[in-house]
Amino acid sequence: NSYYGLIFPKHKYNSHLQLISGSLTEPTFKVLGNRIPYTFHDVSSFADLFYCPQSKRFVAVTLLRNDNGQTRVNLFSLYGPPIADVGTTPVARAQTQSAFIWYAAAGAIVLLIAGYALYKRRKKVTVAAANSASPGKTTGTIAANGTAEAFETAAEPIVIKNSISLFGDLQIFDAEGNDVTKNLTPLTKELFLIILLYTIRWGRGITSEKLKEILWFDKTAESARNNRSVNIAKLKNVLDKLAACQIVKESGHWKVDINNQRVKVDYKDYLDIVNDKRKLDKQKISDLAKIIQRGNFLADVEYEWLDSFKSEISNEIIDTYLHFASSIDINDDPEFLIKLANYIFYFDPVNEEAMVLKCRSLISLGKHSIAKNAYDSFCREYKIIYGEDFEKNFNAILGQTAS
């Protein structure tokens with residue numbers, strides 16, 4: 001007269017799975033064991049629960065498909081019979097000794113297309129932590145011995161050379177792949193960012209007068225000139241470690257002279273995408289997502305002059321995603337449109353167009369409850385930010401998208 005299952009809160013991204021035992025005759029259930037860290041990501045995630053009678057083990061499987069078409073897999077095993085938790089909160093439960101413990105048994109990153117072939121050949125795959133899933137049924141069995149084998153190989157390190165990353169924290173890598181960002185003083189860092197952004201954004205660089213206005217407004221002309229000369233000399237010493245990147249002065253403007261074929265600057269790649277919306281395609285949208293996945297633009301620094309750059313970038317990213325979304329029929333690629341909506345929410349958590357796009361895309365996939373949950377989460381966030389209720393109800397949103 002009972003069943004076992006996995007539950008999780010769908011309104012959280014960084015969530016958790018919880019094993020429960022429910023009654024088939026009464027509306028009650030018991031919490032069993034400890035929680036599994038869990039990230040819920042709409043239609044890209046999956047979870048299921050299996051039981052092996054021979055070994056008397058429960059096995060939870062979680063899957064997450066990333067933007068590259070790869071799937072991360074985690075297996076967790078629990079010795080039975082499960083015992084109901086006597087604690088009243090997750091914290092209390094974690095602090096008590098449990099007769100059974102969830103063990104992370106294995107995880108793997110595999111290509112969806114090649115996954116089966118890799119399994120058949122028993123090749124080693126990289127173990128990775130699972131980030132998200134959705135609840136599954138208590139069905140199926142595992143191997144007779146109730147165990148799972150894991151083969152692990154070290155991932156090949158990605159060597160970054162001659163690159164300047166501005167999304168997330170500022171990072172500068174020299175020709176040998178060394179991070180030379182730490183060699184910048186606070187003043188030379190700001191000086192470098194000013195010259196670099198003015199060079200890439202407008203092409204002409206920045207004048208000495210404008211530098212004085214921003215950095216040395218309280219100095220005399222001679223003092224500002226001396227400070228500028230000293231710090232530009234320091235900056236040149238750092239940039240000399242990069243191939244084809246140097247500070248120059250042309251036609252009265254200070255510029256960062258960069259060979260874009262040899263030095264990669266993510267801000268330059270970003271501008272190439274957003275400035276030509278007529279040539280947008282799925283690949284460019286995915287490339288844009290890879291650029292911004294490191295974090296907000298120069299998240300580790302705050303300068304008054306930088307605010308306009310940050311605001312412009314956030315608005316351009318949202319406009320680019322919405323522009324491309326408008327060119328796709330929802331029924332043609334709803335999963336990709338859900339990703340676009342999530343990208344927009346990263347910069348604007350109460351963007352109504354993104355919410356409408358996500359809800360209707362989920363409806364197209366038959367995920368009605370998840371669509372309603374996405375709408376409810378939006379309304380909660382809207383109330384927190386604006387202090388008032390969102391006016392349109394769920395049915396009105398769906399009708400709006402259909403019109």
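No lab work stands behind these numbers, since they all come straight from the coordinates. Just so it is clear, the structure is predicted and the values come from calculations on it, not from any experiment. Every residue, glycine among them, receives a Cβ derived from its backbone with ideal geometry; neighbour counts consider all protein chains shown.
Once you sort the root eigenvalues of the Cα gyration tensor of the range 335-396 as a ≥ b ≥ c, which label holds: rounded (a/c under 1.5), prolate (a/b larger than b/c) or oblate (the other case)?
Oblate, since a/c reaches 1.5 and b/c is not below a/b.
Applied to the range 213-220, the Karplus parametrisation 6.51 cos²θ - 1.76 cosθ + 1.60 on θ = phi - 60° returns per-residue 3J(HN,Hα) values of 4, 8, 9, 10, 5, 9, 9, 6 Hz, with x for Gly and Pro.
Amide H to amide H distances under 5 Å link residue 265 with 164, where only residues 5 or more positions off or on other chains count and H is placed in the peptide plane.
Close amide H partners of residue 296, meaning residues 5 or more places away or on another chain with modelled amide H under 5 Å apart, are 168. A protection proxy built from the mean count of other Cβ atoms within 10 Å ranks the segments 205-214, 369-378, 187-196, most packed first, as 187-196, 369-378, 205-214. For residue 392, the lysines whose Cα falls under 18 Å of its own Cα, not counting residues fewer than eight places away in the same chain, are 358, 372, 383.
Our coupling estimate for the range 282-296, obtained by passing each phi through the Karplus curve with A = 6.51, B = -1.76, C = 1.60 and θ = phi - 60°, is 4, 5, 5, 5, 5, 5, 5, 4, 5, 5, 7, 5, 5, x, 5 Hz, Gly and Pro reported as x.
The distance separating the Cα centre of the range 26-65 from that of the range 159-231 comes to 51 Å.
Whole-Å semi-axes of the range 163-265's equivalent ellipsoid, largest first, each the root of 5 times a Cα gyration tensor eigenvalue? Intermediate results must be reported in sequence, preceding the final value.
Details: eigenvalues 106, 44, 28 Å².
Working from the Cα gyration tensor, I get semi-axes of 23, 15, 12 Å.
Karplus-derived 3J(HN,Hα) values for the range 230-242, using 6.51 cos²θ - 1.76 cosθ + 1.60 with θ = phi - 60°, are 4, 6, 5, 4, 4, 5, 4, 4, 6, 6, 4, 6, 8 Hz; glycine and proline are entered as x.
Taking K and R as +1 and D and E as -1, what net charge do the other residues with C-beta under 12 Å from the C-beta of residue 330 add up to?
-2
Close amide-amide hydrogen proximity is noted between residue 30 and 21, 22, each under 5 Å apart and 5 or more residues distant or on a separate chain (H modeled in the peptide plane; Pro and chain starts excluded).
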